[in-house]
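Participant: There's a structure below that I have some questions on.
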Amino acid sequence: MKNTDKQVRYPARWMWILGFWGFGGLSYFQTGDTSKLFMLSFFAFFTYYFINKITKEKHDERMLENHNKAVSRSNKIPLLALFIIGIAPSFSNSVSGEFFIWISAIGIAVYVLTYASFFYYYERYT
């Protein structure tokens, strides 16, 4: 007999801790090393802390539906970032590696922030 009384688990419970890696990117402003630049995008993961507070208040099937809706609405941003990274070299041969790092970092940060915003909106207002 199957247990139909399963507890719904939110898949990204501890992801907010990844936000601390963002502090490693601050060394870019001292050294100018572009390999540290991408780490600034990890600051966006701090938004998962607030998402986890919401999920502790409401932990039901509706929360999982709102998670899926937020992911489906915000998944266009990484695709746009990949499109820009892929098409930029065809317009200019002088595109630097720093441009690709900036676009990647901005794409990831905006994706996480957009997901958190949509999730918050769906949980509070729908």
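Every number in this text was worked out from the coordinates using simple rules, so none of it is lab data. Small disclaimer: the values here were computed from a predicted structure and weren't measured. All Cβ positions, glycine included, derive from the backbone under ideal geometry; neighbour counts span all protein chains shown.
Participant: On a 0 to 90 degree scale, rounded to 10, what angle separates helix 97-125 from the longest Cα axis of the chain?
Facilitator: 20 degrees
Participant: Among G107, L82, L64, which residue has its Cα positioned farthest towards the positive end of the charge dipole of the chain, with +1 placed on the Cβ of Lys and Arg, -1 on the Cβ of Asp and Glu, and the dipole taken about the Cα centre?
Facilitator: Result: L64, furthest along the dipole toward the positive end.
Participant: So, one more: Using the Cα gyration tensor of segment 55-121, with a ≥ b ≥ c the square roots of its eigenvalues, what is the shape: rounded (a/c below 1.5), prolate (a/b larger than b/c) or oblate (neither)? Each step should come with its number before you reach the end.
Facilitator: Working: a/c = 5.62, a/b = 3.14, b/c = 1.79.
It is prolate, given that a/c is not under 1.5 and a/b is the larger ratio.
Participant: Report, to the nearest 10°, how far helix 61-74 tilts away from the longest principal axis of the Cα atoms in the chain, using its own Cα long axis and a range of 0 to 90°.
Facilitator: Helix 61-74 sits roughly 20 degrees off the main axis of the chain.
Participant: Place a +1 charge on the Cβ of each Lys and Arg in the chain and a -1 charge on the Cβ of each Asp and Glu, then give the dipole magnitude about the Cα centre in debye, rounded to the nearest 20. Walk me through the numbers before you get to the answer.
Facilitator: Values: 13 positive and 8 negative charges, 85 e Å.
With only Lys, Arg, Asp and Glu charged at Cβ, the dipole is about 400 debye.
Participant: Work through the residues other than G19 whose Cβ is under 15 Å from its Cβ and net out their charges, Lys, Arg +1 and Asp, Glu -1. Each step should come with its number before you reach the end.
Facilitator: Numbers: positive: R13, K53; negative: none.
Result for the local shell: +2.
Participant: Tally Lys/Arg at +1 and Asp/Glu at -1 over every other residue whose Cβ is under 15 Å from the Cβ of F29; what's the total?
Facilitator: Numbers: positive: K36; negative: D33, E98.
Net local charge, F29 excluded: -1.
Participant: In whole Hz, what ³J(HN,Hα) sequence does segment 76-91 give by Karplus (6.51, -1.76, 1.60; θ = phi - 60°), x for Gly and Pro?
Facilitator: So the J values, rounded to whole Hz, are 6, 5, x, 5, 5, 5, 5, 5, 5, 5, x, 8, 4, x, 6, 8.
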